[in-house]
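Notes to accompany the following structure.
The values are calculated or read from the model by the stated rules, or taken from the named source; none is laboratory data. Bear in mind the structure is a predicted one, so any value in this text is a computation, not a measurement. With ideal geometry, Cβ positions are generated from the backbone for all residues, glycine too; neighbour counts draw on all protein chains shown. Surface accessibility is based on the protein's heavy atoms, side chains included, excluding ligands, DNA and RNA. Shrake-Rupley method; radii C 1.70, N 1.55, O 1.52, S 1.80 Å.
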Amino acid sequence: MITKRRTRRRIPALALVGVLAGTAAGTAGCSTPPAPRAAPTPTAVSGTARPAPDRSAPARACPEGGMRLVELGGDAAMGLRVASFQLINCGTRPYVLEGYPRLTLRDDHDDQLEVSVEHGSAGITTGIPNLDAAPQPVTLAPGQAASFGIVWRNLVTDGTVVAATAWNVEVEPKPGAPRLSLRLSEPVDLGNTGKLGLGPWQPLVR
């Protein structure tokens with residue numbers, strides 16, 4: 001009696017690897033696809049960045065006494081100089097002015113200059129009504145302003161006398177009031193005349 005042997009068919013190793021790889025690929029094809037990538041965040045644009053405005057900066061405080069001094073500007077012609085100033089009531093109460101302010105000139109080192117301050121145009125010139133006007137009381141409600149003017153000549157008549165130039169003015173609005181200091185954009189260049197004309201307080205006409 002002849003006994004039949006079962007022969008096992010050997011699968012080449014390379015073929016087996018191919019089958020397993022195909023099975024894995026099929027399995028991967030049936031699985032859930034991966035989540036999409038997140039969109040890239042925007043990048044900063046090149047250039048100089050502008051800082052945000054500082055909204056916490058406090059407003060300019062009202063000076064002691066409730067008044068603020070402001071330079072209005074002036075004019076110059078043939079050695080004659082005219083300038084004017086404004087006094088603003090930045091306080092909360094009415095402020096009464098009368099007569100003339102008390103004015104002091106100081107040089108660039110804040111040293112007081114020896115200057116004769118005379119009321120009106122002081123013979124320096126003519127035809128400036130606001131300087132030669134009669135003084136009158138002026139009442140300023142909060143937010144209102146008054147003005148005064150000055151006049152001088154820039155002359156040098158004596159080479160032995162140093163020319164006086166003021167870069168700062170100090171004003172006492174009325175007797176006993178706190179004095180206000182102001183740095184000028186243009187100096188009071190008196191030469192060596194040593195004289196200045198001063199006008200009275202007047203309500204500011206807008």
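List of remarks:
- The distance between label points at S181 and E64 comes to 1.2 nm (points 7 Å beyond Cα on the Cα→Cβ vector).
- Taken per residue, the accessible surface of the stretch 97-165 reaches 57 Å², heavy atoms only and a 1.4 Å probe.
- For the stretch 96-206: relative contact order, % (alpha-carbon pairs under 8 angstrom, 6 or more apart): 43
- Positive dipole terminus of the stretch 157-206, leading residue within V161, G199, P187 (C-beta point charges): G199
- Computed about the Cα centre, the dipole magnitude for the stretch 92-193 is approximately 460 debye when only Lys and Arg (+1) and Asp and Glu (-1) carry charge, each at its Cβ.
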